[in-house]
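Just so it is clear, none of the values below were taken in a lab; they were calculated from the coordinates. Predicted model, so just to flag it, every value in this text is computed and none were measured. Virtual Cβ from ideal backbone geometry, glycine too; neighbours counted across all protein chains shown.
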Amino acid sequence: MNTALAPLFATDAYKLSHREQYLTSGNVTRVYSNLTHRRSRIAGLDGVIHFGLQAFLQQYCTDAFAPFFAANEDAVASGYQRRVAAILGAAPSSVDASHIRSLHRLGYLPLEFRAVPEGTLVPCGVPVLTVENTLDEFFWLPNFIETTLSASLWHPSTTATLAYRLRRLLDERAAATSAAPAAVEFQAHDFSYRGQTSNASAAASGAGHLLSFLGSDTLPALDFVDAYYPAQTPDGNGLVLASVPATEHSVMSTGIAVHGERETFRRLLDLYPSGIVSVVSDTFDLWRVLTDYLPSLRSEVLGRDGKLVIRPDSGDPADILCGTRTNANLPQPATPPMRADDPAYYGVIDLLWETFGGTVNAKGFRELDPRVGAIYGDSITFDRADDITARLARMGYASTNVVFGVGSYTYQFVTRDTFNSAVKATWARVDGEGVNIFKDPATGDGTKTSATGRLAVVRHGDRLRLIDRATPAQEAASLLQPVWRDGAFVRTQSFADVRRTLRENLS
């Protein structure tokens with residue numbers, strides 16, 4: 001499509017006719033809408049981290065409309081008419097493009113967005129932002145952009161929330177087992193890129209992950225942060241993303257086919273004499289790696305100035321890491337086997353301890369020698385991370401002996417309805433009078449009942465609370481403050497600012 005026309009069609013087709021429909025109510029001059037995450041489908045999680053608005057405002061409201069405003073007015077108007085006519089099966093001459101011409105002549109989107117600071121944990125049912133037109137004739141704009149606004153914000157906000165939830169769990173487990181708090185920064189590593197629906201979704205979701213963790217292989221998230229959440233100085237955002245050299249099955253299969261598995265491990269240790277290197281270790285037999293190859297390479301591993309990370313990639317994650325002996329659903333032998341007889345009974349962490357040892361921390365939990373570790377990146381969910389860290393504690397190990405590769409099982413097993421994220425209008429000005437509008441379906445369960453009137457968000461104790469039918473004074477004092485107005489940012493945040501806001505929720 002012509003890039004000048006593209007932003008005009010970043011919406012649902014049925015919205016193309018809403019401008020004329022509004023006017024059947026009278027002289028509509030203002031429409032005021034909000035985005036609210038209405039309800040959580042995740043037990044124990046009743047709030048959402050607000051994230052992604054600043055990126056949306058730059059991507060869509062600024063960058064996407066630049067070619068439209070730069071194009072010839074007659075060209076964009078006639079192009080709009082032809083496309084709408086084709087969609088509706090009408091003659092181009094019957095399609096009204098006067099509002100498109102007016103917008104083009106104006107040269108910017110006459111909208112005001114108000115929002116809580118990004119990184120804020122907002123309870124379900126409390127709006128994270130509002131949007132309304134600033135010039136009367138553009139009353140059709142606020143809900144015209146609903147579709148792309150919703151599509152742009154629900155996923156990064158959902159990912160940021162799920163990462164925040166996982167960060168809270170891992171912080172709690174680290175504290176309970178006396179593990180170093182700094183290790184949690186890297187304990188969940190984003191492996192989700194290949195499972196995302198597009199490069200753009202990977203970038204936005206990946207940035208949501210990085211609000212809570214530093215480890216990631218989703219490199220487009222770096223560009224997302226640099227483009228939409230820049231700091232005032234080059235290093236103002238600090239370390240945004242970190243990763244390490246790591247193998248994959250194709251690398252291991254090639255090396256094993258030519259040199260054998262033991263020699264492939266040796267060559268990798270020689271290639272990386274220092275620093276962290278992660279090696280996928282179950283291309284063939286994980287247990288032989290742990291009970292034969294690694295013990296034979298013990299001196300080389302312990303002689304490195306760095307860490308060798310063993311990465312299993314198949315099987316039940318908790319059983320692989322913690323051993324089948326920790327699985328209460330499996331029958332246990334009357335006499336435990338020797339480690340060589342059934343290494344799966346003991347699991348990766350016990351076998352690494354057997355070969356490389358480690359230390360016992362202040363609370364009596366074992367921590368592997370800093371030159372070895374483990375990461376599991378297949379089918380990890382919050383519940384599995386919960387189970388694994390709980391099993392480790394029962395085995396006497398600190399929680400940070402394991403790093404989790406977090407992929408599509410966490411960040412793609414979600415939808416817009418995970419938090420019932422929706423944009424709804426709650427107020428309009430008709431014939432010069434403010435009108436409180438709302439929906440309250442008699443056939444619903446209350447989830448889709450909307451707020452009404454002008455909205456304000458205030459702090460009540462340690463939670464945020466919605467005030468609907470807000471007075472001008474309440475709006476002025478609201479946490480929903482102007483972010484973008486009439487084509488320009490009023491307030492921006494660096495990625496470091498957003499991280500600080502989120503970390504306040506963790507403290």
Vicinal HN-Hα couplings computed from phi for segment 3-20 (Karplus, 6.51 cos²θ - 1.76 cosθ + 1.60; Hz; Gly/Pro x): 4, 5, 8, 3, x, 6, 10, 8, 7, 6, 4, 5, 6, 4, 9, 6, 4, 5
Measuring from label point to label point, each 7 Å out along Cα→Cβ, what is the Ser94 to Asp342 span in nm? 7.6 nm
Computed about the Cα centre, the charge dipole of the chain from +1 Lys/Arg and -1 Asp/Glu charges at the Cβ has a magnitude in debye, to the nearest 20, of 840 debye
Is there a quick way to get the dipole size of segment 178-269? I mean about its Cα centre, with the Cβ of Lys and Arg at +1 and of Asp and Glu at -1; what is the value in debye to the nearest 20? 280 debye
Separation between Cα centres of segment 175-218 and segment 239-311, rounded to whole Å: 23 Å
The chain: angle of helix 73-88 to the longest principal axis, Cα-based, in degrees nearest 10: 80 degrees
Order of His259, His155, His104 - criterion: other Cβ atoms within 10 Å of each residue's Cβ, fewest first: His259, His104, His155
Evaluated at 4 °C and 1.567 mPa s, the Stokes-Einstein D of segment 322-433 based on the Kirkwood radius over Cα pairs, in µm²/s, stands at 75 µm²/s
Nearest-0.05 FRET efficiency for Val251 and Thr443 at R0 = 60 Å, using Cβ-Cβ distance, is 0.60
DSSP beta bridges in segment 329-448: the antiparallel percent, rounded to 5, is 65 percent
Here the alpha-carbon Rg of segment 191-301 over 2.2 N^0.38 Å rounds to 1.37
Extension gain, Thr471 back to Ser379 (0.36 nm per residue minus Cα-Cα distance, nm): 28.2 nm
Rounded to one decimal in nm, the spacing of the 7 Å Cα→Cβ label points at Arg41 and Asp285 is 4.4 nm
Neighbour-count ranking [beta-carbon atoms within 10 angstrom, fewest first] of Arg101, Arg83: Arg101, Arg83
What FRET efficiency comes out for Ala176 versus Leu302 if R0 is 35 angstrom and r is the Cβ-Cβ distance? Round to the nearest 0.05. 0.75
Counting Lys and Arg as +1 and Asp and Glu as -1, each charge on the Cβ, what is the dipole of segment 5-114 about the Cα centre in debye, to the nearest 20? 280 debye
Taking N as the number of residues in segment 261-325, the ratio of its alpha carbon radius of gyration to 2.2 N^0.38 Å works out to 1.13
Using +1 at the Cβ of each Lys and Arg and -1 at the Cβ of each Asp and Glu in segment 317-386, identify which of Ile320, Pro343, Val360 lies farthest towards the dipole's positive end. Val360
Two-site FRET efficiency, Val258 against Gln481, from Cβ-Cβ distance with R₀ of 56 Å, rounded to 0.05: 0.35
For the chain, with the dipole built from +1 on Lys and Arg beta-carbon atoms and -1 on Asp and Glu ones, taken about the Cα centre, which of Ala66, Phe419, Leu308 lies farthest toward the positive end? Phe419
Which distance in Å, rounded to a whole number, links the C-alpha centroids of segment 1-66 and segment 426-495? 15 Å
State the answer as a single residue: which of Leu8, Gly255, Leu135 lies farthest towards the positive end of the charge dipole of the chain, with beta carbon charges of +1 for Lys and Arg and -1 for Asp and Glu, about the Cα centre. Leu135
Take peptides 199-210, 378-389 and line them up by average Cβ neighbours within 10 Å, highest first, as a rough protection proxy. 199-210, 378-389
According to the Cα gyration tensor, what semi-axes, each the square root of 5 times an eigenvalue, does the equivalent ellipsoid of the chain have, listed from largest to smallest in whole Å? 52, 25, 20
Quick one: length gained pulling Asn436 to Tyr108 fully straight, 0.36 nm per residue minus the C-alpha distance? 115.3 nm
Where both residues lie in the chain, what percent of DSSP beta bridges are antiparallel, nearest 5? 65 percent
So what's the angle, to the nearest 10 degrees on a 0 to 90 scale, between helix 495-506 and the longest Cα principal axis of the chain? 70 degrees
Using only Cα atoms and rounding to the nearest 10 degrees, what angle (0 to 90) does helix 146-176 make with the longest principal axis of the chain? 30 degrees
With no solvent and one point on each alpha carbon, what is the Debye value of log10 I(q)/I(0) for segment 12-147 at q = 0.09, 0.13 Å⁻¹? -0.35, -0.68
